[in-house]
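Enquirer: Quick one: the structure is below, questions incoming.
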Amino acid sequence: MDDSFGDVGAISGGWTLTILTTTAANTALSGIVNMADGTPLGGAVMDLSGMTSARTITDASGHYSFDNLATGFYTVSPALANYTFGPISRSFSLTGSRTDAAFTATPDAIQVSNPLDTSEYFVRQQYIDFLGRESDQGGLDFWSSKINACGSDAACIRQERIEVSAAFFSSEEFQQTGSFIYSLYNAGLGRNLSYSEFSADRSQVINGADLDARKAAFAKAFVERREFAQKYLGMTASDVFVDALLRNIKQTSGIDLSAQRVALIANYNSGQSMSESRSLVLRESIENASFKQSELNEAFVLMQYFGYLRRDADTGGFDFWLDVLNNRVSGNYRSMVCAFITSAEYQRRFSSIISYSNSECR
């Protein structure tokens, strides 16, 4: 037989066998979930079954996608607490990429559960609240699998939710974005920032490809703001500005960075403009390990209010939790995370159904 179609193996008797090899095509299945009026629905969990099983979640635009699928038969089914979907599922014989797996969501007349109780929904919300972005598929799978591994063990689920949520604050991504902005205010202006300031400023840092370039641009713009310029008015000489900044940092955090004075002045003098010089010194100062450590507890408390409750901290609550971290049980972050994620205020962001209570935090 002609061997132009594949590998040829010899068989006794003068015959030959042609082995045909096929490669499964990588295709994608995507679609959108909207309300009846066309409003996109984020947070709907999309289950894929068939040739392979997978799970993803719709973003704020209602879109979802399953990538790198082999050709074959698949079924997609949406789910979200307190919603009914039409159709219930869609099935496809996938021979090439398709983008038409659309569903319409209708809110139920009576809410019976909280979507936050779903692991994928909970994980996606941590990305949105603390990192300011939609979850990537790898992260969604990784963190939700930790919660799902608990099965129906309520105590295990509660502990894993705490661990997962706390991990977002300590993540390098958050430290390089949210904590970075917080530190600029404390070191440069000597005050905490508000939730509205944090939300607006974070969007400038997280959007774009080059994180370091975004941080540099933001820091430069930050020192050009009226409040900063007024605080350091007339301090154009490198040593004068550095000394003023170090005094502010010591007053705010109790950390003495005078040992870094010579290096900071040299860094100031390397700038091509006053704005660049000031931003270089400010950025170097907040990277100091002692300063970072001194700000950790206060930043953690404030970010719980910003992330979970999306509001400014009330003075009583802020002081209480800061005292807990500083004096009662040092570094007891888990109890604080538990208190916030089981609070009625947090759960009511997503549903009127309250599934957890602070009494579970021990």
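The values are calculated or read from the model by the stated rules, or taken from the named source; none is laboratory data. Remember, it's a predicted structure, so these values are computed and weren't measured experimentally. Positions of Cβ are generated from backbone atoms using ideal geometry, with glycine treated the same way; all protein chains shown enter the neighbour counts.
Enquirer: Among the residues of the range 249-264, how many are surrounded by 14 or more Cβ atoms within 10 Å (Cβ to Cβ) and in contact (Cβ under 8 Å) with a residue 40 or more places away in the chain?
Expert: 3
Enquirer: Mind listing whichever residues of the range 103-134 are farther than 19 Å from Gly307 by Cα and buried (at least 19 other Cβ atoms within 10 Å of the Cβ)? So that I can check it myself, show each step before the final result.
Expert: Filtering the range 103-134 for residues farther than 19 Å from Gly307 by Cα gives 103-113.
Scanning the range 103-134 gives Phe103, Ala105.
Enquirer: Moving on. Checking Arg349 against (1) touching a helix residue (DSSP H, G or I) at 6+ places or on another chain (Cβ under 7 Å); (2) among the basic types (Lys, Arg); (3) outside the structural domain of Ser196 (by TED's automatic domain parsing): exactly one of these is not met. Which one?
Expert: Against the list (1) touching a helix residue (DSSP H, G or I) at 6+ places or on another chain (Cβ under 7 Å); (2) among the basic types (Lys, Arg); (3) outside the structural domain of Ser196 (by TED's automatic domain parsing), Arg349 comes up short only on (1).
Enquirer: Given the conditions (1) within 26 Å of Ala166 (Cα to Cα); (2) among the hydrophobic types (A, V, I, L, M, F, W, C); (3) in a helix (DSSP H, G or I), report the number of the one that Leu264 does not fulfil.
Expert: In the conditions (1) within 26 Å of Ala166 (Cα to Cα); (2) among the hydrophobic types (A, V, I, L, M, F, W, C); (3) in a helix (DSSP H, G or I), Leu264 misses (1) alone.
Enquirer: Out of everything in the range 194-220 that is free of Cβ contacts under 8 Å to residues at least 24 places away in the same chain and in a loop (DSSP other than H, G, I, E, B), what residue ends up being nearest to Ala289 (Cα to Cα)?
Expert: Asp210
Enquirer: Within the range 307-328, how many residues are more than 18 Å from Thr342 (Cα to Cα) and assigned to a helix (DSSP H, G or I)?
Expert: Going through the range 307-328 one residue at a time, the tally reaches 9.
Enquirer: Residue by residue through the range 270-300, note down the ones that are over 29 Å from the mean Cα position of the chain (by Cα) and farther than 16 Å from Leu246 by Cβ. Break it down into steps so the answer makes sense when it comes.
Expert: Here is the first cut: in the range 270-300, the residues over 29 Å from the mean Cα position of the chain (by Cα) are 270-278.
Passing the criteria: Ser270, Gly271, Gln272, Ser273, Met274, Ser275, Glu276.
Enquirer: Then there's this: For Glu227, which of the numbered conditions (1) more than 28 Å from the chain's Cα centre (by Cα); (2) closer than 17 Å to Val281 by Cα; (3) part of a helix (DSSP H, G or I) fails to hold?
Expert: Evaluating Glu227 over (1) more than 28 Å from the chain's Cα centre (by Cα); (2) closer than 17 Å to Val281 by Cα; (3) part of a helix (DSSP H, G or I) leaves (2) as the failure.
Enquirer: Another question, if that's okay. Given the structure, is Ser203 under 20 Å from the mean Cα position of the chain (by Cα), surrounded by fewer than 19 Cβ atoms within 10 Å (Cβ to Cβ), over 18 Å from Arg133 (Cα atoms) and polar (S, T, N, Q)?
Expert: no
Enquirer: When only residues in the range 220-241 that are over 13 Å from Met274 (Cβ atoms) and not polar (S, T, N, Q) count, which is surrounded by the fewest Cβ atoms within 10 Å (Cβ to Cβ)? Walk me through it before giving the result.
Expert: First, the residues of the range 220-241 that are over 13 Å from Met274 (Cβ atoms): 221-222, 225-227, 230-231, 239.
From what is left, the residues that are not polar (S, T, N, Q) are 221-222, 225-227, 231, 239.
On the way: Ala221: 14, Phe222: 22, Arg225: 12, Arg226: 7, Glu227: 11, Lys231: 16, Asp239: 14.
Out of the qualifying residues, it is Arg226.
Enquirer: May I pose another question? Kindly provide the set of residues from the range 126-169 that are within 15 Å of the chain's Cα centre (by Cα) and not in a helix (DSSP H, G or I), ordered by number.
Expert: Within the range 126-169, Gly132, Arg133, Glu134, Ser135, Asp136 meet the criteria.
Enquirer: Go through (1) more than 22 Å from Cys361 (Cα to Cα); (2) out of contact with any helix residue (DSSP H, G or I) (no Cβ under 8 Å at 6 or more places or on another chain) one by one and return the number of the condition Glu134 breaks.
Expert: (2)
Enquirer: Give all pairs with beta carbons closer than 7 Å in which a residue from the range 63-92 that is outside any strand (DSSP E or B) meets a residue that is modelled with pLDDT under 95 and of a type outside the set (A, V, I, L, M); count only pairs at least 6 apart in sequence or on separate chains.
Expert: Listed pairs, sorted by first residue: Thr71/Thr27; Thr71/Thr95.
Enquirer: Could I ask something else about it? Could you pull out the residue among Ser89, Ser49 that is modelled with pLDDT of 90 or more, more than 25 Å from Gln111 (Cβ to Cβ) and of a type in the set (Ser, Thr, Tyr)? So that I can check it myself, show each step before the final result.
Expert: Details: Ser89 fails: more than 25 Å from Gln111 (Cβ to Cβ).
The match here is Ser49.
Enquirer: Let me confirm something: among Ser144, Ser171, Ser65, which residue is closer than 30 Å to Ala219 by Cα, among the hydroxyl-bearing types (Ser, Thr, Tyr) and surrounded by 13 or more Cβ atoms within 10 Å (Cβ to Cβ)? First the steps, then the outcome.
Expert: Working: Ser144 fails: closer than 30 Å to Ala219 by Cα; Ser65 fails: closer than 30 Å to Ala219 by Cα.
So the residue among Ser144, Ser171, Ser65 that is closer than 30 Å to Ala219 by Cα, among the hydroxyl-bearing types (Ser, Thr, Tyr) and surrounded by 13 or more Cβ atoms within 10 Å (Cβ to Cβ) is Ser171.
Enquirer: For Phe169, which of the numbered conditions (1) touching a helix residue (DSSP H, G or I) at 6+ places or on another chain (Cβ under 8 Å); (2) at pLDDT 95 or above fails to hold?
Expert: Unmet for Phe169, out of (1) touching a helix residue (DSSP H, G or I) at 6+ places or on another chain (Cβ under 8 Å); (2) at pLDDT 95 or above: (2).
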